[in-house]
Amino acid sequence: MSLTLTAADWLTLWVHFMSLSLLAVGGAITTAPDMHRYLVVEQHWLTDSQFTSSIALAQVSPGPNVLFVALLGWNVGLNAAGGLGAGVVAWGYGLLGVTLCMLGIMIPSTTLTFAAARWGHQNRELRAVRAFKQGMAPIVIALLVATGWILASGQGSVAEHWPLWLVTVGSAVLVWKTRLHLLVLLGAGGILGWMGWV
Amino acid sequence: MSAPPATRAHPTSKTDLFVSFSLLALQGFGGVLAVVQRELVEKKQWLTREEFLEDWAVAQILPGPNVVNLSLMIGDRYFGMRGALAALAGMLTFPLLIALAVAILFAGIADQPQIQGALRGMGAVAAGLITATGLKLIAALKQNPLGAPVCWTFAAITFVAIGLFRVPLVWVLLVVGGAACVWTYRLLGQVTAQSEQP
C-alpha cells in the first residue's frame, strides 16, 4: 500500500489521537473501534489486516498494550513511504508515525492523571477521597476477575476448548497460591500451544 | 507532599524507578498488571495490598493505559515529576523497541500454526494471571468500611455487568462505582460522627 501524506495529514493524525486520549477510560484499546473507523474506513491510511496485526503483535510483545498505537503509526508511516523497501525514508516516516501517534495518545491522559493523582494524594485525608478509594475497591477487584473471564471466554466454549480453559484455571490457581515465576507459566503456556496440545 | 515513613521499602533513585519499571514491563506478556502486583507488592514491598488497590482504582478510572497511569503515580510520589517521567520511560522505552522489532521481523511468519498455537497458549495463561491478581486482592477488603456482604454485592454486580453482559466500562464505573462511593462516604461520616460524641 502506498499513499501520500501532507504535513496537514500528519497533523490531523496527531490531533485525532490526542482527541481519543481522554476518552480511553479502561485503556487505549477501548478506543480501537474508533481508530479503525478513522484510519482504515475514512482515511484509507491502513489496510484492515495491518490494523488487526498491529493489535495482535502488540499483545504478543511484552509491555503495556497501548503499544499497538505505536504500531499503527509505524504502519501509516511505512505506507506513506511506499513500504519498507524504501529504506531510510521508510524508517524515517515510520518513526514519525510512531512518535506522533504515541505522543497524541499519551500526552492528554498522562497530564490529567498526573494532576488528578497528585491532588488526590495531597488530599488523601478528605472524606470524599477516602470514600472514592475505599468504595471503588470491590469494583476494581471484580473488574480484574471479569477481565480474566472475558479473555478466557474469547478462547471459545469450555466444552470444545477445555484444554485452554484448564491452562487458564491452572495458571490462576498457581499464581494465587504459589510464588512460581510468572514468566515460567507464560513460557509453559507458549510451549503447550506450540506443540498443539491446547 | 509527605513521603512515606523511611522504614518502608521504597525506590532509591530515579534510575531505580526506570530500571524497576523497565523490568516489570519486559515481563508483562498479555498485560503488565499481574507482574506489577507480584513485584511491587509481594517482592519489593513498595506498596501494601491496600495501597495498591487504592492506586489501581485511581489508575483505572482516569483515561489512559492503566499500568502507565500507575507507574506515573508511583514515580511522582517518590521523586516528583522527574520520578513520574522516569517510571513512564521505563514502562514504555524497551517494550516499544521490542514491539517495533517484532513488527519488522515477525510480520511475515505471524500466521504460522506453531506461532498461532504459542500465542493461544500464552493468552490462556494471561487470562489466568489477571484473574489471580483480582483474587489475591480480595484479602485487602478486610479493612473496608463497607463490610464483607456489601463489598461482595457490589463486586458481584460489577462482574455480571462487565463479564456477562459486556456493559461499557464507563457506565459501570459511573453507576455501580458511584453508588459504592456514595455509600462509603455516608458510612465514613457516621464513623466520624460517632467518634466525636463524648
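The values are calculated or read from the model by the stated rules, or taken from the named source; none is laboratory data. This one's a predicted model, so the numbers in the text were calculated from it and none came from an experiment. Every residue, glycine as well, gets a Cβ built from its backbone with ideal geometry; the counts of neighbours run over all protein chains shown.
A few points about this structure:
- Helices (runs of 4 or more DSSP H) lying entirely in segment A:113-198 (those with 1 or more residues that are without any contact (Cβ under 8 Å) to a residue 24 or more places away in the chain and within 22 Å of B:Phe154 (Cβ to Cβ)): A:127-153, A:162-177
- Every pair of residues 6+ apart whose Cβ atoms lie under 7 Å, when the first sits in segment B:57-85 and is at the interface with chain A (Cβ under 7 Å from one of its Cβ atoms) while the second is acidic (Asp, Glu) and assigned to a helix (DSSP H, G or I): B:Met73/B:Asp55; B:Ala84/B:Asp76
- Qualifying residue in segment A:138-151 (condition: more than 7 Å from chain B (Cβ to nearest Cβ) and either closer than 23 Å to B:Gly177 by Cβ or out of contact with any strand residue (DSSP E or B) (no Cβ under 7 Å at 6 or more places or on another chain) (or both)): no
- Exclusive hit being within 9 Å of chain B (Cβ to nearest Cβ) and outside any loop (DSSP other than H, G, I, E, B), set A:Val98, A:Val76: A:Val98
- Scanning segment A:147-189 for residues that are modelled with pLDDT under 90, buried (at least 20 other Cβ atoms within 10 Å of the Cβ) and small (Gly, Ala, Ser) gives A:Gly148, A:Ala152.
- Hits in segment A:171-181 (condition: more than 14 Å from B:Gly123 (Cβ to Cβ) and not charged (D, E, K, R)): A:Val173, A:Leu174, A:Val175, A:Trp176, A:Thr178, A:Leu180, A:His181
- A count restricted to segment A:82-95 and to residues that are assigned to a helix (DSSP H, G or I), within 25 Å of the chain's Cα centre (by Cα) and surrounded by fewer than 24 Cβ atoms within 10 Å (Cβ to Cβ) stands at 6.
- Note on segment B:103-198: enclosed helices (runs of 4 or more DSSP H) holding 2 or more residues that are closer than 30 Å to A:Gly196 by Cα and over 27 Å from the mean Cα position of the chain (by Cα) are B:113-137.
- Residue that is farthest from the other protein chains (Cβ to nearest Cβ), among those in segment B:115-135 that are without any contact (Cβ under 8 Å) to a residue 24 or more places away in the chain and either in contact with a strand residue (DSSP E or B) (Cβ under 7 Å, 6 or more places away or on another chain) or not aliphatic (A, V, I, L, M) (or both): B:Gln116
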